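Accompanying notes for the structure given below.
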Amino acid sequence: MYDEEQRPEQHGPLAGFTVGVTAARRADELGALLQRRGAAVLHAPALRIVQLADDSELLAATKQVIDEVPDVVVATTAIGFRGWIEAADGWGLGEDLLQRLRGIELLARGPKVKGAVRAAGLTEDWSPSSESMAEVLDRLLEEGVEGRRIAIQLHGEPLPGFVEALRAAGAEVLGVPVYRWMPPEDIGPVDRLLDATVSRGLDALTFTSAPAAASLLTRAEERGLLPELLAALNHDVLPACVGPVTALPLQARGVDTVQPERFRLGPLVQLLCQELPARARTLPIAGHRVEIRGHAVLVDGALRPVPPAGMSLLRALSRRPGWVVARAELLRALPGAGRDEHAVETAMARLRTSLGAPKLIQTVVKRGYRLALDPAADAKYSDV
């Protein structure tokens, strides 16, 4: 939050908005990018990554690659490929594995994976410009895979139809499971993130992996909150995914998401910088331009943080700009206010102080309160 009024040049495009982060990996990087642009960030890793350096499955797959050399190896993530080589080193199999990988067709999904491949002293034969596993699959099927042995470094995320398509075309497919996604050890932060989402305490919720999206949906279902979560994501909280694979679990539940054209954290943040301000309500009130954001208001471009109770009142007033809203209705809008209408007066006084322009909200004696909409705008909102 902010300690004092900020002038327009002092706040970023996401100032006044709260963004949820579900990422386990690179959460600090994503959070820093959001905060640098003014957002408040609520982080709750929906999953944790468990390395499989001691796992019998990875050891068995590594030995199989060494003993029964595949025709093709597909490296899907930088962290996964590095983890595989490091685990093999730990077992004393590192040089044998590298020797096998030098003599076969090695495909790398994207520039980061290429970097990891080359850091291991190897050279990839090909990498798709789109960083898409679909393009990798197309290349393999065009080459012809019947009778070929293909090893795929798995990355913990679903590869819809990838393995099935290769096997259907006659390939023998070996999965190399370098790490697994597991539920978080402490479920408390996830529950708080869910509560904030269904109560509309967030303006956007970001997803950087399909397993994280699936895990959050599963936890919501366990708590009986799935209908409320889906309603929030479909109407008030913007679900933003780093790419189409990440969005699959949400789309399967009927949730439309936004995605950047380039599947990276930077473009994801830039997309939020465009989408969230565009969704904010902007009204001409008492000669001022008022933009209502998640937990703050811009008054003539100056950022004014507003307490949650004040934001609840302001949203209730802005649903019918210029119309009188009764105290009883405003009381119902206040979270946990009870039955005492004095709570409305107290919250209203704090709201006016926060806005720094008391005349924005008019008191209508014995009736309630209204936004002092500019006369020229009255006609526009008269039928709202």
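Every read-out reported here was derived from the displayed coordinates using simple, explicitly stated rules and does not represent laboratory data. Predicted model, so just to flag it, every value in this text is computed and none were measured. Methodologically, a virtual Cβ is constructed for each residue, glycine included, from the backbone with ideal geometry; neighbour enumeration extends over all protein chains shown.
Observations on the structure shown:
- Each peptide in 75-86, 289-300 was scored by the mean count of other Cβ atoms within 10 Å over its residues; highest first, the order is 75-86, 289-300.
- Spatially near lysine pairs across the chain, Cα under 28 Å, sequence gap of 8 or more or different chains: 4
- Length gained when the stretch Val324-Asp340 is fully extended (0.36 nm per residue, less Cα-Cα span): 3.8 nm
- Prolate/oblate/rounded label for region 73-113 (Cα gyration tensor, a/c 1.5): oblate
- Mean residue ellipticity (222 nm) of the chain, computed from DSSP H runs ≥ 4 via -39,500 (n - 2.57), nearest 500: -13000 deg cm²/dmol
- Rounded to the nearest 10 degrees, the angle from helix 56-67 to the longest Cα principal axis of the chain is 40 degrees.
- Using distinct alpha-carbon pairs, which all enter the 1/r mean, Kirkwood radius of the chain in Å: 23.8
- Distance in nm between pseudo-label sites at Ser199 and Trp91 (7 Å out along the Cβ direction from Cα): 4.8
- Protection proxy ranking, peptides 210-220, 350-360, average beta carbon neighbours within 10 Å, highest first: 210-220, 350-360
- For region 223-359: rounded, prolate or oblate by the Cα gyration tensor [a/c cutoff 1.5]: oblate
- Shape of region 305-349, Cα gyration tensor, a/c cut at 1.5: oblate
- C-alpha long axis of helix 27-36 to longest principal axis of the chain, angle in °: 40
- Highest to lowest packing among 198-207, 139-148, scored as the average C-beta count within 10 Å: 198-207, 139-148
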